[in-house]
1. So ILE21 fits all but one of (1) open to solvent by 40 Å² or more (accessible area, probe 1.4 Å); (2) more than 22 Å from GLY110 (Cβ to Cβ); (3) modelled with pLDDT of 90 or more; what number is the exception?
2. Please pick out the residue among TYR90, TYR134 that is open to solvent by 90 Å² or more (accessible area, probe 1.4 Å), under 30 Å from ALA7 (Cα atoms) and modelled with pLDDT under 90.
3. Mind counting the residues in the range 1-16 that are within 23 Å of SER121 (Cα to Cα) and loosely packed, with under 14 Cβ neighbours inside 10 Å?
4. Here is a list: THR127, THR123, THR118. Which entry is at pLDDT 85 or above, touching a Leu at 6+ places or on another chain (Cβ under 8 Å), open to solvent by less than 40 Å² (accessible area, probe 1.4 Å) and over 20 Å from TYR15 (Cβ atoms)?
Amino acid sequence: QEHSLIAALVFMGIYISTIAIAVPSALFLTLTCGFLFGAWGIPYVLISSTLGAAILFSAVKIACHDWLDQKTGKWLKQMKQGFQQNAFCYLLGLRLMPVFPFCIVNIVSGLLNVKAKTFISATIIGTLPGTTIY
């Protein structure tokens, strides 16, 4: 209780780091955050998961995008174009229906060269319902 701000910042740092290095632990961390911080856990998780996802997304986009373009054929370029035309809807759907692990969606979004603004907004909106429920 005395150090609730420090505890929240430490937890958020752990959450951001874990998501940024693609450790599949978002559900466990979200539940832990809710247990520790109650309703305040919702904004903590939204901020942390979005920042961690953005770090991983950016790292993949910077490090692997050009290499992937060189190694793949037309089929990936066609897939990228289709995905980019409706990237927000695809990402929102993937975030709302957690069929694929959180870290995989972050990586694939970076590989498919999704715009950062689209990625971040779909991540925030798409993770809000699940975060609130957990």
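1. Looking at each condition in turn, ILE21 falls short on (2).
2. On the way: TYR90 fails: under 30 Å from ALA7 (Cα atoms).
Unique residue meeting the criteria: TYR134.
3. Result for the range 1-16: 2.
4. Numbers: THR127 fails: over 20 Å from TYR15 (Cβ atoms); THR123 fails: over 20 Å from TYR15 (Cβ atoms).
The unique qualifying residue is THR118.
The values are calculated or read from the model by the stated rules, or taken from the named source; none is laboratory data. Treat the numbers as computed from the prediction; the structure is a model and nothing was measured. Using ideal geometry, Cβ is built from the backbone for each residue, glycine included, and neighbour counts are taken over all protein chains shown. With ligands, DNA and RNA removed, areas are computed over all heavy atoms of the protein, side chains included. Shrake-Rupley method; radii C 1.70, N 1.55, O 1.52, S 1.80 Å.
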